[in-house]
1. Say whether the condition of being among the polar types (S, T, N, Q), surrounded by 14 or more Cβ atoms within 10 Å (Cβ to Cβ) and part of a loop (DSSP other than H, G, I, E, B) is met by at least one residue in region 235-242.
2. Does region 199-208 include one or more residues that are among the aliphatic types (A, V, I, L, M), in the same structural domain as D126 (by TED's automatic domain parsing) and under 40 Å from the mean Cα position of the chain (by Cα)?
3. Quick one: which residue in K194, K230 is closer than 21 Å to M368 by Cα and either among the basic types (K, R) or touching an Asp or Glu at 6+ places or on another chain (Cβ under 6 Å) (or both)?
4. With (1) modelled with pLDDT of 70 or more; (2) loosely packed, with under 14 Cβ neighbours inside 10 Å; (3) outside the structural domain of S193 (by TED's automatic domain parsing) as the list, and P115 as the residue in question, which single condition is left unmet?
5. A158: outside the structural domain of A107 (by TED's automatic domain parsing) and assigned to a strand (DSSP E or B), yes or no?
6. Is it the case that T268 is on the phi < 0 side of the Ramachandran plot, of a type outside the set (D, E) and outside the structural domain of V87 (by TED's automatic domain parsing)?
7. Please report, ordered by residue number, the strands (runs of 3 or more DSSP E) entirely within region 274-382 with at least 1 residues that are crowded, with 23+ Cβ neighbours inside 10 Å.
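The values are calculated or read from the model by the stated rules, or taken from the named source; none is laboratory data. Remember, it's a predicted structure, so these values are computed and weren't measured experimentally. Cβ placement follows ideal geometry from the backbone for every residue including glycine, while neighbour counts extend to all protein chains displayed.
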Amino acid sequence: MKSQKSRKKKLLVASTALALMAALSGTFAWYTEQDQRINRIASSAAISDGTVVVEEKWEPKPINPGAESTKEVKVTNNNQFPVYVRVSYEEVLKHLVSKGVITSKNARFEKPNNPVLTDDVPVGFDGGKYSVANGYTDITTKVKIGGAALPATVKVMAKGSVTHNVSTGTDTRTFEYVMFNEYETGKYQKVNSKVEVIGTPAAGSAVNTWDFEASNITYDVYAGGFAYAKANWAESALPSSVSAPADYAILGASGQKHGENFDYREATIGTLPSVTKGSGAQVPTAANDQKEIQTDKAALGKSGIQIKYGSDIVTDAGLSGATAENKWIYNTEDGWFYYTSPVKKQTSTKDLLKSLKIANDIGDAFKMTEYDLIVKMEAIEANKDAMKEAWKMDTDTAGTKTKTIADFILAQPLN
């Protein structure tokens with residue numbers, strides 16, 4: 001997405017408006033529906049509201065080389081009338097500014113009182129396993145730097161012994177140690193150091209009675225902390241149900257839905273992205289295609305996270321006849337995936353997505369990443385005028401892909 005996080009549940013938000021006709025004003029208020037789910041995966045998350053909902057089977061796995069998270073996505077219409085449906089994405093990728101490159105600093109990491117996103121991130125260390133129960137002894141107070149004590153929170157755990165060989169009259173000494181910085185209870189920073197035994201410990205003496213001198217101490221961090229990469233594949237035509245700015249479904253808003261916290265405000269993630277429609281390697285062109293997302297390549301220079309699409313994908317060339325019905329087609333003109341048939345009452349679409357896949361060679365750049373794929377759905381009542389007014393689709397200009405898709409959908413019976 002990564003530091004490992006517990007499995008998160010999906011976020012679902014929906015808003016519904018009844019189909020009304022304002023006869024006196026001559027305007028129409030069409031039935032509309034929204035639904036969004038946030039699917040979060042992080043390095044080593046079906047509840048529904050409303051009547052037209054995104055349903056999915058979501059089994060997230062940590063962002064590790066070769067991992068695959070089941071993500072089967074479809075749309076269900078629980079209404080008593082048919083609707084037109086389209087789906088697109090918003091993305092949020094939290095990543096290390098250093099892209100996984102470690103910097104060794106002379107000062108230990110201290111937890112800031114008022115942390116910010118760009119604070120250095122300490123490189124983690126499994127200090128907890130170097131315990132007395134595992135045969136180690138705390139020698140921190142016996143280790144000096146130029147005669148002075150080690151900085152507070154820095155610990156040294158060691159094993160050591162001196163044995164005497166009566167046959168040869170010689171002593172054999174063993175010594176191993178680890179130094180780490182416990183910057184918060186149970187959280188440890190990797191420390192580089194050289195610790196040497198001073199003097200000649202007596203045979204049979206305990207390691208915590210010896211004297212030591214430390215030098216060359218440095219503390220490892222990911223300098224610059226974190227940054228966010230964001231993407232919005234398509235303008236959201238319907239007003240946000242979570243008070244996000246115009247053109248966004250979730251980005252720009254914050255809150256909690258069904259146990260999933262989200263905070264995509266500009267004060268948190270930075271400037272909201274302009275619309276960047278999926279193109280090229282991001283667009284499925286065949287059944288079961290595996291395609292790129294936008295944020296990881298833009299921020300980290302590699303397409304490490306990819307979407308595997310379902311078997312019901314149709315392209316421009318195949319958009320004709322009965323075989324193109326009940327499929328998904330991507331419109332490069334507006335960034336939306338359209339379901340090619342009206343979704344009738346009490347029925348569901350075919351799966352658009354099948355899984356999120358992680359490349360085998362993601363490398364250090366994906367350390368501690370967290371990725372949210374926001375699947376946003378819009379539904380309108382199955383009516384040409386609703387398509388034009390609610391979705392702002394140009395259904396009249398010949399020669400456009402938008403009109404070709406609209407014409408195919410509109411030509412099909414509603415019952």
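1. Filtering region 235-242 down to residues among the polar types (S, T, N, Q) leaves 236, 240-241.
Restricting the remaining residues to those that are surrounded by 14 or more Cβ atoms within 10 Å (Cβ to Cβ) gives 236, 240-241.
Retained after the next criterion (residues that are part of a loop (DSSP other than H, G, I, E, B)): 240-241.
Checked region 235-242: at least one residue is among the polar types (S, T, N, Q), surrounded by 14 or more Cβ atoms within 10 Å (Cβ to Cβ) and part of a loop (DSSP other than H, G, I, E, B).
2. Residues of region 199-208 among the aliphatic types (A, V, I, L, M): 202-203, 206-207.
Restricting the remaining residues to those that are in the same structural domain as D126 (by TED's automatic domain parsing) gives 202-203, 206-207.
Those still in the list that are under 40 Å from the mean Cα position of the chain (by Cα) too: none.
Looking for residues that are among the aliphatic types (A, V, I, L, M), in the same structural domain as D126 (by TED's automatic domain parsing) and under 40 Å from the mean Cα position of the chain (by Cα), one finds none in region 199-208, hence no.
3. Values: K194 fails: closer than 21 Å to M368 by Cα.
One residue alone meets the criteria, K230.
4. Failed condition: (3).
5. Working: outside the structural domain of A107 (by TED's automatic domain parsing): no; assigned to a strand (DSSP E or B): yes.
Taking the combined requirement at face value, the residue does not satisfy it.
6. Numbers: on the phi < 0 side of the Ramachandran plot: yes; of a type outside the set (D, E): yes; outside the structural domain of V87 (by TED's automatic domain parsing): no.
In short, no.
7. On the way: elements: 290-292, 305-309, 328-331, 336-339, 353-358, 370-381.
The strands (runs of 3 or more DSSP E) meeting that bar are 305-309, 328-331, 336-339, 353-358, 370-381.
Every residue, every condition in (1) in contact with a Pro (Cβ under 9 Å, 6 or more places away or on another chain); (2) modelled with pLDDT of 95 or more; (3) not hydroxyl-bearing (S, T, Y), yes or no:
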site: A231; (1), (2), (3): yes, yes, yes
site: I250; (1), (2), (3): no, no, yes
site: G255; (1), (2), (3): no, no, yes
site: N261; (1), (2), (3): no, no, yes
site: Y264; (1), (2), (3): no, yes, no
site: I269; (1), (2), (3): no, yes, yes
